[in-house]
Each structure stands twice: as structure tokens, then as C-alpha cells.
Number of protein chains: 2
Amino acid sequence: MLTVKTSSEAEEIIFDTFGQIKMNTEDVEILSSVGRILAIDIVSTENVPSFNRSTVDGFAVKAQNTFGCSDSIPAILNFKGEVLMGEAPTFEIGKDECAYVPTGGELPAGADAMVMIEYSENYGDGTRAMLKPSAPGQHVTFIGDDVKVGQAVLHKGTKLAARHIGVLAALGYDKVPVYKKPVISVISTGDELVDVTESPKGAEVRDINSFTICAALEELGCEYRKIGIVKDNLPLLESVMTKAFSESDMVIVSGGSSVGVKDSTFKVLDKIGEVLFHGIAIKPGKPTILGNVNGKPGFGLPGHPLAAYYVFNLFVKPLIKNMTGANNTDLYNKKNANLTLSIPCNHGREECMGIKMKNENGRTMAEPVYAKSGLISVLSDSDGYIRIARDCEGLSQDEEVEIELF
Amino acid sequence: MLTVKTSSEAEEIIFDTFGQIKMNTEDVEILSSVGRILAIDIVSTENVPSFNRSTVDGFAVKAQNTFGCSDSIPAILNFKGEVLMGEAPTFEIGKDECAYVPTGGELPAGADAMVMIEYSENYGDGTRAMLKPSAPGQHVTFIGDDVKVGQAVLHKGTKLAARHIGVLAALGYDKVPVYKKPVISVISTGDELVDVTESPKGAEVRDINSFTICAALEELGCEYRKIGIVKDNLPLLESVMTKAFSESDMVIVSGGSSVGVKDSTFKVLDKIGEVLFHGIAIKPGKPTILGNVNGKPGFGLPGHPLAAYYVFNLFVKPLIKNMTGANNTDLYNKKNANLTLSIPCNHGREECMGIKMKNENGRTMAEPVYAKSGLISVLSDSDGYIRIARDCEGLSQDEEVEIELF
């Protein structure tokens, strides 16, 4: 029998075996790329702005022609004309000349500053009076001030959010190269399981894991195939799993992985592929299996819904992120806070503990969620979890911990 | 002319006028409810578990029959039978009796504890030897231990994530009541704008705001209608906006809101509805308009992409969250960190400053993103922003700030 691995050994095996798997790329419409993972570095081929742009409504001037002017001694400049929004000026600004330019409009050649319209007067004689001096560059964004040709503005692996979509639009990407979504099949095994639409009879329970795992896959930007419940029947499970591996990039089976009489997931993975480990020394989640079937990862998660979800978060999610190339998602998923309660020593096994975030007197605090049974109440009460190392001798009240948000 | 409002005055007007708008509800398939906002409190109508469940593979016993047993003095119990997974036991456990129960299986009546199979021996004579005592309740989850009938497990307004989907599945919700997605029309105005597919000529620029705002609406769970670019032509804008209001719950127009010659958004909102304010004392984002058209909110955002996105985040997003009832999203959107640099006084106007999160020696730090022009580089470099109050006299290096993540 395979020995139980520590979580870091398990992580190492997962990445040593499957770390090279990367999804292919595809081009999608820019607005369909929200939440997808960018597959290339975006390097600007344009200067932004592409012209010297005014940031105010007012007059384009040579700055030096306004030096020293004031309300009482205005600088009188010859009005050369008006620049229309979006149009290139057809004239230049010479000495003691000015031109009206709206916010966002282009400065005529020769001008190097703007005077806001509030600080001008129209004498009606073909001149405009400037009542306040402008320094060179004032109220002007010069060509390339924002982004220069050749500048990398977005990096491969970025999970695209609204602000990135704006950057892509600015640079003319109507189609965006992103990584394809991994296709992942999800199976629940167990004779006790009934579908969500059914009322459990006797000691039956509803299939929870198919839903939690498929929803988590959706959140991670995967395409899930919910195969649903497969009864604990070895030939049936083998045929379903074999088909699933042929049709997807990864197969996740929950249930059936306890070292008991009905150790079906292990047996199937062992038969159609190679079992890499069976058991991780972590609580909850010990009966976790990793198999390699024709180079594709197959996970056997515990049947217990909370344990399955922890194992998914700890071991499956990092591999999926690696497959899709995502590298900027931690920002939203980790949070530090101080414990509201002490947590006693965990008896030499790494442990996950559900955490509810609470606001106490303006401080964000982390409250451990204790539950005799973690079937679903911990899932509904916890915002995330902490990992307690196996050699930890307990955590004190008010100690700062790093929470992985669900 | 309408006076400029402070941001808190603007928020008050927004919520006083539109705070009562709530989306209707609809039922969606459970796996389609990921990311949607739950429209009811979920109160359990079942006990979970619905039977006394074993958490181990082993023997159901009366705990008192194992008291004092050990390797050398085992408790010899009569083997009553095996409980099959998912099936209700057909027999009871009496004094000095035991039955095999798998993990997740139901304890027979009369049993109040489990002994793990590792601590038993089969003598082959119809008895089993227990080598370790169990306390009452050991390795057992009793009826309702996890969730009791009448217990509220999820609350109205929860943005549904994987863990909530698991809870809903456990309780049999194959359909989930959620708030309908608000339908929001997005318009960009300005003669300088060209579509993302075009190459800007002269002083033209690509329409960025349509994309940033539509993507942000998608992230917020709205249904967006990207109307795109409308040239700065009053009758045309009026007809487009009138149609947009009739077909959506909110209309967002960007550009055309400066107090300049082409103040089209203001004029249209003033004509087809009522303008509630024109200008917020915040940098960037001053030329922001709010209109009320037949009870529906119409926002005029600045044309400047960064300013438009700040104003969207500051003033539009909270109203949308309120319309959809979302109440648990802040957890992922706010983060505290210490500044890497001082930020000088902001001259009496509330200011938004882009922030890049950096990891310095294991500490998460907040780096202000300074940019002469914030057209797109601030969007690509910032992970979020801080709000600097108008009476703030500057922020010191290493001072803790609250970042709103984009």
C-alpha cells in the first residue's frame, strides 16, 4: 500500500508530474475575455496619447507668451482659430498666438501649454486675453506620456478584469488571445448518494460534491462536465472514468476513496493508470488519491463535502491555475486578520480550520468555525480557512493568521 | 447652474432617489446560480444529517459496553450484522452487541458510539473483540448535529459561491431564487471616438469606456447593452438615450459631461428627465452627472477613462449592489496595507489615488501609482485605489490605508 504523504510531498508530486501541462490558446472577443487568462504579453505598438492632448477646455499657447500675465496685466494673444474635437489642427501657433482646444483635443504645433478658459477673456477684436500664466506642459499630455511604443502594459497570465479590458480596448485589441478553458469531468461515487432533486430515504444523502466542485471549477474559469452520481460498482465506474479521461483534461472523483471495502476510485485509477499517492496527512482530507492516466491527472477526493472542498482548494486549484497560467489571482484570495479565539495544538497532523471574517470595532478579525460535523454548516459559515502546520503548538488569541478566502 | 456636490452629498442624493429600486427575483438552475445574488433566506426544512451517521469504518456499539476494554482485555461483543451504505439498518443494537457500519453509514438504533475497525478483531465465532473503549457520541454525527430544521443557513443578499452551492445542494435546492440581473445600457459620446476595431486618425481616440464599463457590469452580475459610440449630436443622443431608458434599468453615458460647449449628456438628461447634480468635488471625476428619467438613474461619467472608472466604482457600483441586494462582496474587494511612499496633501478636494500591491519582505505594501496622464497606464498598473479625504493633510510612508481593489 502507498504511504501517506505530507502536504508538501503531495504538492511536489502533483507539480513534478503535471506541472508541464499548459492549455492551448484561443482568440475571443474582447468583452468575452472578462475573467479569462491572458495568453501573451501585451506590448503597445502605439503611443498613447498619439498626439499632444489638452486636459482642459481653454487656449493652446506658447507658455512663454503668458509668463508674468495676471488679471491686471493680461497677455493679449491673437486668436488663431478653434480646434475641433477629434480633428487634427490645420494651423500652427506662433509667437503671441492662441487657439481654442477642448478637453481631449489636440494642441496645434507650436503650442506647449494650455490656459484654462476660466482664465481668459474675449475682447471681441480677434484677440484673447490670458489672465494667468501657464508653465510649459501645463494641462497637456504629450505624445506617449501615458504609454510608449514597445512598452509592456499587460502580462501573460493576467486574469482579465474590467480595467485590463479598458487597456486592451485602448490599444485596439478587439480579439484577445487567452488560454483555453480546461475541460474537467466531475464524478461522485457512493451507493448512499441521491441527486439534488430527490428526497433522501433511510441513510441516503444528496450528492453535494458534484455541485460544490463544478461551481468551484466555474469560478476558476474551467469548463466542467458534471457526470453526477455513479453507483459503487467497479466495472461501471471504470467505464465512466475511462470515457471521462478520454474527453477531458482532468477527472475529479469524490467519494469512494476511504481505505475501506469499497475502495473503487483507487482500484480504477490503479487499473487504467498509475496511482501516485493514496493519502495526505491533512485534516480533514486524508483519503485523497492522485492518479496519472495517460498523462492526465485524476484526483480522488474524500466523500465528505467539507474535506473534498478543502482538498480541492489545497491541491487541485493550484494545478488548475498552473494549467491555465493564471498568476494574479492571489490578491483577492488571501487576507490577513487576527484570531478572535485561541486554537489548540493539532496533534501532529496538518489541519485546515474554517474561518469566519468578523468586524469588531472596525478591526477585521478571524473567528475559527468549530463544528462537530462539518458536512455543510462549516461551508455556510466560513469565509475561508487557515492551514495549521503539523508542528504548530497552537495559535493564540489575537495572533495574525493568513486566511485563504473560499 | 447646479452646484458641485461633495462625494457624501452625491451618495446621499443617489440613495435617497434610487435606493428603493430592487430587482425582481427569478429561479435559476442551481449551477447557473454561481455568482448570482440569493433572493431569500435559506432556512433548512430538514435535519442534516437526517440519521445518526458514522464518521469512521468500524463497529456501532453501546459505548458503555466498551468501557475499560483494552488490547489485553478486549470487550467481546456479538456481531449483529452489517449496515450497507445508504441503507437504513433493519436491526437494533442491544447490550453486548455490535454491527459493522461504513463511514457515512447509519448507526442502528440502540448504538451510541463507533469503534474504529483498526481497534477490533474478528475471532470468527460470531463475535468481535473491541480493543479500545469509545465514549458516547464518539465518531458519530447525530441527527441535526450539522443543521437543524428551522436553522437559517444562507442569507438573502449572499453572492453565491461554490461553498454556498454545496449548501443549497445538500438541502435539495435544484432551483435557486436569485435577483434578476439589472439591464444597463452603456453609451459613449464624443466626436473624437472611434471603435476598437479602427485605427485612430488625427486626434481621434478609441472608445475605451464602453469596454471598461461593460466589463465592470459583467463582473457585477449585470446584463449590459453596449450601445457604443454616439456622435456628439443632440437630437441623435436624445433619441438613443430615450430608447435606452425605455429598455433598461439604468443608463450610463460617458464623455460629453464637461461643462464645455458640447454638454450634451447634461442637456439630454435635463430635457427627458431631471438633473439631480452636475459635478462632484472629487479628483479625478468632477464632471459627473446624475439624472432621473422616469424613476430610472442615468449617470453621465467623465470621458476620461480613468476618471470614468473611478466614478463608476465610487458612485455607480454601490447603487447597483443595492439594486441587486448584494451584501457580502466587500470581503474580496477591500484590503489594508501600508504605504511605500508618502502622499502629499491633496489641496482640499477629495482624491482617488491608484495603488499597486507589492510584496516587500513578506509584507503586503501599497504603492501609490503616480502618472502624469492616467489614460490607461494607471488602469494597467493599479490593483485598486484609495480615497484621500478632502481635509487630509497628506499620508505618511508606512501609514496603513484601506484599498478598494478594482
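Read-outs throughout are calculated quantities, based only on the coordinates presented, and are distinct from any laboratory measurement. In this text the structure is predicted, and so the values were computed from the model without any measurement. Glycine gets a Cβ as well: all are built from the backbone with ideal geometry, and neighbour counts include every protein chain shown.
Once the chain from B:ARG349 to B:GLU402 is taken as fully extended at 0.36 nm per residue, the excess over their C-alpha distance is 17.2 nm. Cross-link partners of B:LYS321 among aspartates and glutamates, defined as those whose alpha carbon lies under 18 angstrom from its own and excluding same-chain residues fewer than eight positions apart: B:GLU11, B:GLU12, B:ASP16, B:GLU26, B:ASP41, B:GLU218, B:GLU219, B:GLU223, B:ASP249, B:ASP330, B:GLU404. When only the Cβ of Lys, Arg, Asp and Glu is charged (+1, +1, -1, -1), the dipole of the protein assembly as shown relative to its Cα centre reaches about 440 debye. Sorting the segments B:277-283, A:110-116 by their mean number of nearby beta carbons within 10 angstrom, highest to lowest, gives A:110-116, B:277-283.
The packing ranking of peptides A:16-27, B:85-96, highest mean first, is B:85-96, A:16-27, where packing means the average number of other beta carbon atoms within 10 angstrom of each residue.
The lysines within cross-link reach of A:LYS201, meaning a Cα-to-Cα straight distance under 17 Å and a gap of 8 or more places when in the same chain, are A:LYS231.
Before rounding to the nearest 500, sum -39500 (n - 2.57) across all DSSP H runs of length at least 4 in chain A and divide by the residue total; then give [θ] at 222 nm in deg cm²/dmol. Spell out each step's value before the answer.
Numbers: 9 runs with 79 residues, N = 406.
After summing the helix terms and dividing by residue count, I get -5500 deg cm²/dmol.
What is the antiparallel percent of DSSP beta bridges lying wholly in chain B, to the nearest 5? All intermediate terms of the calculation are to be shown ahead of the outcome.
Working: 56 of 82 bridges.
Restricted to chain B, the bridges split so that about 70 percent are antiparallel.
Before anything else, pin down the relative contact order of chain A: Cα pairs under 8 Å, at least 6 apart, normalised by residue count, whole percent. Walk me through the intermediate numbers first.
Working: 931 pairs, mean separation 66.4, N = 406.
Relative contact order for chain A comes out at 16 percent.
When the listed pairs B:LYS181/B:LYS296; A:LYS358/B:LYS356; A:LYS181/A:LYS226; A:LYS175/B:LYS181; B:LYS296/B:LYS334 are checked against a 20 Å cut-off, the alpha-carbon distance exceeds it for A:LYS358/B:LYS356; A:LYS175/B:LYS181; B:LYS296/B:LYS334.
Go through A:100-108, B:150-158 and give me the packing order, highest mean Cβ count within 10 Å leading.
Details: A:100-108: 25.0, B:150-158: 16.9.
With the highest mean Cβ count within 10 Å placed first, the list reads A:100-108, B:150-158.
Ordering A:ALA337, A:VAL378, A:HIS347 by the projection of their Cα atoms onto the charge dipole of region A:331-405, which places +1 on the Cβ of Lys and Arg and -1 on the Cβ of Asp and Glu, puts A:VAL378 at the extreme positive end. DSSP beta bridges confined to the protein assembly as shown are antiparallel in about 70 percent of cases. What separates the A:ASN336 label point from its copies, with the point 7 Å along Cα to Cβ, is 1.1 nm, written shortest first.
Our summary gives region A:331-405 a relative contact order of 49 percent, counting only alpha carbon pairs under 8 angstrom and 6 or more residues apart.
What does the average come to when, for each residue of peptide A:94-106, you count the partner chain Cβ atoms lying within 10 Å of its Cβ? Display every interim value, and only then the final one.
Values: counts 0, 0, 0, 0, 0, 0, 1, 1, 7, 9, 12, 3, 4.
Counting Cβ atoms of other protein chains within 10 Å of each residue's Cβ and averaging gives 3.
Out of all Cα-Cα pairs in region A:53-141, roughly what percent, to the nearest whole number, are more than 21 Å apart?
Details: 615 of 3916 pairs.
Roughly 16 percent, rounded to a whole number.
Annotation for region A:336-355 versus region A:95-163: alpha-carbon center distance of 56 Å. What sits nearest the axis between copies B and A, counting only chain B Cβ atoms, is the residue and whole-Å distance B:TYR332, 3.
Each Lys and Arg Cβ is given +1 and each Asp and Glu Cβ -1; about its Cα centre, region A:80-218 then shows a dipole of about 440 debye.
Distance distribution P(r), the protein assembly as shown, all Cα-Cα pairs, bin width 20 angstrom from 0: 14, 41, 28, 13, 4, 1 percent.
Comparing A:ILE76, A:GLY86, A:GLN64 along the charge dipole axis of region A:48-104, the residue lying farthest to the positive side is A:GLN64, per the Cβ-charge model.
Expressed as a whole number of Å, what is the distance separating the alpha-carbon centroids of region A:52-93 and region B:183-231? Centre-to-centre (Cα) distance: 30 Å. Averaged over the residues of B:82-89, the number of partner chain Cβ atoms lying within 10 Å of the residue Cβ comes to 5. Using only the alpha-carbon atoms, how far is helix B:209-219 inclined from the longest principal axis of chain B? Give it as 0 to 90 degrees, nearest 10. With both axes taken from Cα atoms, the answer is about 20 degrees.
Sorted from closest to farthest, the other copies place their B:GLY137 label points 7.2 nm away, with each point set 7 Å from Cα along Cα→Cβ. Relative to the Cα centre, the charge distribution of region A:9-138, modelled as +1 at Lys and Arg Cβ and -1 at Asp and Glu Cβ, gives a dipole magnitude of about 740 debye. Sorted from nearest, the other copies put their A:THR3 label points 7.8 nm away, the label point being 7 Å from Cα in the direction of Cβ. Please report, to two decimal places, log10 I(q)/I(0) for region A:259-350 at q = 0.11, 0.20 Å⁻¹ as given by the Debye formula with identical point scatterers on the Cα atoms and no solvent. Cα-only, vacuum Debye calculation for region A:259-350: -0.43, -1.08. Take each residue of peptide B:212-222, count the partner chain Cβ atoms within 10 Å of its Cβ, and average: the result is 5. Against chain A, whose longest principal axis is taken from its Cα atoms, helix A:7-18 shows a tilt of about 70°.
Take the Kirkwood radius over Cα pairs of region A:331-405, plug it into Stokes-Einstein at 37 °C and 0.692 mPa s, and you get 262 µm²/s for translational diffusion.
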